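What follows draws every value from the coordinates through simple rules; no lab data is involved. Just so it is clear, the structure is predicted and the values come from calculations on it, not from any experiment. So basically every Cβ, Gly included, is an ideal-geometry build from the backbone, and we count neighbours across all protein chains shown.
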Amino acid sequence: MTIQYQNTLWNNKKVIIGEPTIDKSKPVKLLIGFHGAGSTAENMLVQGNRLKLDNTLLIFPEGPVDAGEGLWSWWKDGPGQPKSVEAFLTFTDEMIQSAQNHFTNSSIHQVSLWGFSQGGAASLVYALLGSHKVFKIASVCGFLPELPPSVSVSSSSKQILGIFGTNDEVVPSFLADYALEEMKNKGHEVQIKETSQPHELNTENLAEICSFFKE
């Protein structure tokens, strides 16, 4: 399957768009990939290009927080984290709206999210608090940051795949497991995959994610 990639700017931030050949007689899906903290959209593209998904438009946005040296994150750590997470939600609301505006000829039926590390956390946070309707969410080595108290929790149930490793040296397994249990407690349908992996996004993870989004 050939995918044509292009860089563009939405709301003054770089976004990489991946467009395969689309069959408009079938449901068109949009999948947004969130990179890790202190990373780039290109790093997520390398992994996302290995997902073979039918009739699926791909988006790889650049995080809004400058981590220095050309690297980006989704929110800031520290005492101001809740406010920074709230800004991330606004950023992602606008980015999803920009995607829907961009792909008006394709009539998107479903929007789904996935990510690694802080990108996995970003996917979970938006599933929990985001304004736009999302269908499925996949998180690898994700967690939950300190959330803004002023934002209401979404009432719609989502399907979530959470993968984490017992040998993760960056996001301890108990934090990843806690995040997924919290999502389950909020009424979401959660599949938990605990592995022995370190802090990585590997071939087995991508196969699980591909299968999950194909269902």
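How much of the DSSP beta bridge set in the chain is antiparallel, as a percent to the nearest 5?
Looking only at bridges with both residues in the chain, the antiparallel portion is about 35 percent.
In deg cm²/dmol and to the nearest 500, what is the mean residue ellipticity at 222 nm of the chain if only DSSP H runs of at least 4 residues count, each as -39500 (n - 2.57), divided by the residue total?
Helix contribution divided over all residues of the chain: -10000 deg cm²/dmol.
What are the radius of gyration and Dmax of the chain, computed over its Cα atoms and given in Å?
When restricted to Cα atoms, the chain yields Rg and Dmax of 15.9, 49 Å.
Where does the charge balance sit around LEU71 when Lys and Arg score +1, Asp and Glu -1, over other residues with C-beta under 13 Å from its C-beta?
-3
Return the FRET efficiency for the residue pair GLN6, SER173: r is the Cβ-Cβ distance, R0 is 41 Å, and the value is rounded to the nearest 0.05.
E between GLN6 and SER173, to the nearest 0.05, is 0.60.
Less than 15 Å apart at the alpha-carbon level, and either on another chain or at least 8 residues along: which aspartates and glutamates does that give for LYS24?
ASP54
Could you please rank SER139, SER156, placing first whichever residue has the fewest other Cβ atoms within 10 Å of its Cβ?
Lowest to highest Cβ neighbour count: SER156, SER139.
In whole Å, how far is the Cα centre of the stretch 70-117 from that of the stretch 123-146?
10
Would you mind ranking GLU182, GLU69, GLU204 by Cβ crowding within 10 Å, fewest neighbours first?
Fewest-to-most Cβ neighbours within 10 Å comes out as GLU69, GLU204, GLU182.
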